[in-house]
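Inspection log for the structure reproduced underneath, given as structure tokens.
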Amino acid sequence: MIEIAHAERAHALLSPSGAHRWLHCTPSARLEETLPDTESEAAKRGTLAHEIAELKLRKALTDKMPTRSYNTALKKFKAHELYEPIMDDHTDAYLEYVQKVVHAFPSPPFVAIERRVDISDYVPECSGTSDCIVIGGGHLHVIDYKNGQGVPVSAENNPQMKLYALGAVKEFSLLFPIETVHLAIVQPKVWDQPSEWTLSASDLLAWGESIKPIAQAAFKGEGKYTIGEHCGFCRAKATCRARVEHMLEAGSRAPLKPPLIGWDEVGDVLRQAEGIVSWYTDLKKQALAEVLKGGQVAGWKAVEGRGSRDYADLDAAFAHLKENGIDEAVLYERKPLTPPQLEKALSKPVYKKLLEEPGHVINRSGAPTLVPESDKRPAITDQVKPEDAFSAPIE
């Protein structure tokens, strides 16, 4: 049985997508409510990719969509200004994963596409739209597609995915027995394989009960503002007083042991100073926007930055140069595209067939980089000379 919903992607105050914030910093949801919700180009591109993914699922898992209608809709999406050819490969990877899950059942499972689920038993006035839900044989699969590449999103203990699963259990447990819950995130720009995590339905329900008082506090805007990795996507991240005070305190903290700190202290200092550069940049952007609209930021003003030059008419300019004896070779710079650029231009399957498989591309390991211990990547040692580490990037 296949069910398709056409729910709008509206967000509740305590939305599943923001759960990693309001579960750690309970007053943040009400604070964000007072600030404008601006959608970035990356977010708009992600919405387009989700719409393509939904279209492909509908076509592949139902017999209700004529090929002509599918091709027309897909052509319209591909004509969008934010469309990238690589979206086709990535949404195909999502489709293939969902099909693999569906076909692993001995008999056709129940499948819900873009299903809006009610989570208000655990979180006040909360609901959310799950990309894909698959149920059969006592197993519930909650599958999510992520188009972003800046932040890897793991399925392990993911609160957004667990909230979707709670909503699915509430919605469908009377129709289908559910004993085991499987969470999966397909993020092709980051993971070669989908991130997967499994827990029992009883553990999921116990977690739902445990967050009820936290959700109640978040809904009321109560609790203490708490600084952490969850601040990254908060609308208030630049001007939140708790974060500002944290950043300024970290930046002005005196050395712990004069005259030099020891390596036993470096980790703590790095943790305290985490995010200072990005926070300062975000705050400066907001201050500029305030000044440009006529506001005042004490001690600061907006000025015209470094200008740029462009051709009034490129063809006319170059024709004039050639007429005056300038060699055409001087006017153009020929540079080969890098492997990542070609993969994007050709599409992943063509790139793999014509370049990777014949051995025309060498995959080199990335330079060592320092990250928090919580990072999922395995640790490395003794791979570079200590003096070379000063040129290594820091994430």
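The values are calculated or read from the model by the stated rules, or taken from the named source; none is laboratory data. Treat the numbers as computed from the prediction; the structure is a model and nothing was measured. Cβ placement follows ideal geometry from the backbone for every residue including glycine, while neighbour counts extend to all protein chains displayed.
Here are some notes:
- From the list L174, L140, the lone residue that is of a type outside the set (S, T, N, Q) and surrounded by fewer than 19 Cβ atoms within 10 Å (Cβ to Cβ) is L174.
- Residue under evaluation S200, criteria (1) out of contact with any Asp or Glu (no Cβ under 9 Å at 6 or more places or on another chain); (2) without any contact (Cβ under 8 Å) to a residue 24 or more places away in the chain; (3) under 20 Å from A104 (Cβ atoms), criterion not met: (1)
- Filtered residues of the stretch 249-271 (kept if modelled with pLDDT under 70 and either part of a loop (DSSP other than H, G, I, E, B) or exposed (fewer than 11 other Cβ atoms within 10 Å of the Cβ) (or both)): S252, R253, A254, P255, L256, K257, P258, P259, L260
- Matching residues, the stretch 272-314, being among the hydrophobic types (A, V, I, L, M, F, W, C), over 19 Å from P36 (Cα atoms), at pLDDT 90 or above and out of contact with any Asp or Glu (no Cβ under 7 Å at 6 or more places or on another chain): A298, W300, A302, A312, L314
- Of all residue pairs spaced 6 or more apart or on separate chains, those with beta-carbon atoms under 9 Å, a first member in the stretch 341-365 that is acidic (D, E) and a second member that is loosely packed, with under 13 Cβ neighbours inside 10 Å and at pLDDT 85 or above are E356/N363.
Yes or no, residue by residue, for (1) closer than 21 Å to K78 by Cβ; (2) surrounded by 11 or more Cβ atoms within 10 Å (Cβ to Cβ):
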| residue | (1), (2) |
| --- | --- |
| A319 | no, yes |
| K322 | no, yes |
| E333 | no, no |
| E343 | yes, yes |
| V361 | no, yes |
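- Of all residues making up the stretch 281-314, the number that are part of a loop (DSSP other than H, G, I, E, B) and either surrounded by 10 or more Cβ atoms within 10 Å (Cβ to Cβ) or of a type in the set (V, I, T) (or both): 4
- Restricting attention to the stretch 65-83, the residues being assigned to a helix (DSSP H, G or I), of a type in the set (S, T, Y) and surrounded by 12 or more Cβ atoms within 10 Å (Cβ to Cβ) number 2.
- Among residues that are in contact (Cβ under 8 Å) with a residue 60 or more places away in the chain and out of contact with any strand residue (DSSP E or B) (no Cβ under 6 Å at 6 or more places or on another chain), G136 is not included.
- Residue match in the stretch 183-199 (condition: in the same structural domain as W22 (by TED's automatic domain parsing), farther than 23 Å from D375 by Cα and under 24 Å from the mean Cα position of the chain (by Cα)): no
- Hey, T62 under 30 Å from A289 (Cα atoms), polar (S, T, N, Q) and at pLDDT below 95 or not: no
Here's the yes/no breakdown for (1) within 30 Å of A206 (Cβ to Cβ); (2) in the same structural domain as E54 (by TED's automatic domain parsing); (3) out of contact with any Lys or Arg (no Cβ under 6 Å at 6 or more places or on another chain); (4) without any contact (Cβ under 8 Å) to a residue 60 or more places away in the chain:
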| position | (1), (2), (3), (4) |
| --- | --- |
| R68 | no, yes, yes, yes |
| Y83 | no, yes, yes, yes |
| H90 | no, yes, yes, no |
| A93 | no, yes, yes, no |
| E96 | no, yes, yes, yes |
| F110 | yes, yes, yes, no |
| I113 | yes, yes, yes, no |
| V117 | yes, yes, yes, yes |
